[in-house]
Amino acid sequence: MIRKELTYFLTAVMFFTRIPIPFKVPYSHEIMNKSQKYFPLIGYLVGGMAILVYWATSYLFSADIAIVLSMVSTVLLTGAFHEDGFTDVCDSFGGGYGKEKIMTIMKDSRIGAYGVIGIVLLLLLKFLALHNITELSTSFLLVVMLNGHITSRFHAATAIYTHRYVRDTDDSKSKPMANQKLSYSSLLFSLILAIVPYILFDNWLLIIAFFVSYIGKMYLTMYFKKHIGGYTGDCLGTIQQICEVLFYLTTLTLWKFL
């Protein structure tokens with residue numbers, strides 16, 4: 001039992017990060033599908049890296065540089081997996097009309113003007129949000145970073161339960177996950193992993209940010225359903241990125257005005 005769960009977790013690590021696994025892990029569509037429950041733990045890893053890099057580099061550089069370096073570390077750790085999905089969604093929905101055209105552009109590996117503009121603005125917004133939080137409280141920044149990465153990945157994973165996967169190509173990396181939804185007990189397990197930091201830090205600002213960012217997920221999935229009938233792997237990456245930024249902006253707004 002423990003060995004199986006470890007296999008599911010390591011599969012999620014291999015899929016969503018560039019962390020090398022020093023031994024061979026068995027693979028199957030079933031294993032890939034069941035690895036969904038551990039998506040929040042990937043947030044722990046990525047968020048933990050962001051915190052570590054910021055903490056270490058803040059002793060050498062200004063807070064602005066430390067934030068940028070922490071962002072760079074998360075991009076390197078994940079291989080820009082979610083950012084790449086975001087740029088594809090910007091290009092396809094920005095330049096495509098109708099499901100067929102949108103899906104065709106989304107499959108194109110090249111990046112267009114919509115993708116470039118979108119990712120630049122997204123990363124700039126993420127940096128400015130974290131910078132403003134730093135000015136309020138450095139310790140709170142670290143908490144927000146961790147929760148932002150965990151929460152946004154949980155929200156993206158819930159789209160697999162609430163909506164239909166629409167890309168039918170066999171080479172799609174997300175198809176094995178979307179072929180079969182996990183049990184409610186597995187979804188509950190994933191939720192528990194996601195809310196552990198909220199229990200530990202006991203901050204009502206974070207709790208509100210959790211629900212506001214989930215509203216963002218709901219809007220995005222409705223938008224995707226309207227235009228292409230469901231979601232793709234790129235859509236999940238977009239949900240993660242936007243929910244992460246929404247989480248930061250919500251906590252910043254609440255801290256300043258409430």
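Summarising the label geometry, the points placed 7 Å from Cα in the beta-carbon direction at residue 111 and residue 56 lie 2.5 nm from one another.
For region 112-258, what relative contact order do you get, as a whole percent, if you take Cα pairs closer than 8 Å and at least 6 residues apart?
39 percent
Note down the magnitude of the dipole of region 1-140 about its Cα centre, charges +1 on Lys and Arg C-beta and -1 on Asp and Glu C-beta and zero elsewhere, to the nearest 20 debye.
Numbers: 11 positive and 10 negative charges, 108 e Å.
Roughly 520 debye, rounded to the nearest 20.
Per 0.36 nm of contour for each residue apart, how much would the distance between residue 138 and residue 184 grow if the chain were fully extended, relative to their Cα-Cα spacing? List each step's numbers first, then the result.
Working: separation 46, 0.36 × 46 = 16.56 nm, distance 3.74 nm.
Extra length available between residue 138 and residue 184 comes to 12.8 nm.
Result for the chain in a Gaussian network model with C-alpha springs under 10 Å: among 79, 98, 233, the largest mean-square fluctuation is at 98.
Just give me a number: lysine pairs in region 1-99, eight or more positions apart or cross-chain, with C-alpha atoms less than 23 Å apart.
On the way: 4/24; 4/34; 4/37; 24/34; 24/37.
Here the count comes out as 5.
The sum of -39500 (n - 2.57) across all DSSP H runs of n ≥ 4, divided by the residue count of the chain, sets its helix-only mean residue ellipticity at 222 nm to -26000 deg cm²/dmol.
Let me have the relative contact order for the chain, percent, based on Cα pairs under 8 Å that are six or more residues apart. If you can, show how the numbers build up before the last one.
Working: 337 pairs, mean separation 67.9, N = 258.
The value is 26 percent.
Determine the dipole magnitude for region 64-105: charges of +1 sit on the beta-carbon of Lys and Arg, -1 on that of Asp and Glu, nothing else is charged, the reference point is the Cα centre, and the result goes in debye to the nearest 20.
On the way: 2 positive and 6 negative charges, 29 e Å.
Approximately 140 debye in magnitude.
The residue among 62, 50, 78 whose Cα reaches farthest toward the positive pole of the charge dipole of region 1-142, with charges on the beta-carbon of Lys, Arg, Asp and Glu, is 78.
Within the chain, the whole DSSP H helices whose Cα atoms reach 15 Å or more along their own axis and whose mean Kyte-Doolittle score is at least 0.0 are 2-16, 39-57, 63-78, 113-136, 138-162, 184-201, 204-228, 233-257. Between the residues 212, 1, 145, the greatest Cα displacement towards the positive end of the dipole of the chain, with unit charges on the Cβ of Lys, Arg, Asp and Glu, is found for 1. Among the chymotrypsin sites (Phe, Trp or Tyr not before Pro) in region 72-113, those located in a DSSP loop and surrounded by at most 11 other Cβ atoms within 10 Å of their own Cβ are 97. Cross-link partners for residue 256 among the aspartates and glutamates, with Cα-Cα distance under 18 Å and sequence neighbours closer than 8 places in the same chain left out: 135.
From the Kirkwood radius over Cα pairs of the chain, Stokes-Einstein at 37 °C and 0.692 mPa s returns a whole-number translational diffusion coefficient of 176 µm²/s. The per residue volume of the convex hull around the alpha-carbon atoms of region 119-258 is 112 Å³.
Once backbone amide H atoms are built at 1.01 Å from N, residue 231 has 164, 165, 166 as its partners under 5 Å, excluding neighbours fewer than 5 places away on the same chain. The residues of the chain present an accessible area of 50 Å² per residue when probed at 1.4 Å with all protein chains retained.
Structure remark: mean-square fluctuation, Gaussian network model of the chain, C-alpha springs under 10 Å; the largest value among 60, 41, 142 belongs to 60. Each Lys and Arg adds +1 at its Cβ and each Asp and Glu adds -1 at its Cβ; summed about the Cα centre, the chain shows a dipole of about 620 debye.
Report the equivalent ellipsoid semi-axes for region 30-120 in whole Å, largest first, defined as the square roots of five times the eigenvalues of the gyration tensor built from alpha carbon atoms.
Numbers: eigenvalues 191, 84, 12 Å².
Result for region 30-120: semi-axes of 31, 20, 8 Å.
Please report the relative contact order for region 206-250, taking Cα pairs under 8 Å with a sequence separation of at least 6, and give it as a percent rounded to a whole number. Relative CO of region 206-250 lands at 60 percent.
The values are calculated or read from the model by the stated rules, or taken from the named source; none is laboratory data. These figures come from a predicted structure and were not determined experimentally. Glycine also receives a Cβ, built like all others from the backbone with ideal geometry; neighbour counts cover every protein chain displayed. Areas reflect the complete protein model, heavy atoms only, side chains present, ligands, DNA and RNA absent. Shrake-Rupley method; radii C 1.70, N 1.55, O 1.52, S 1.80 Å.
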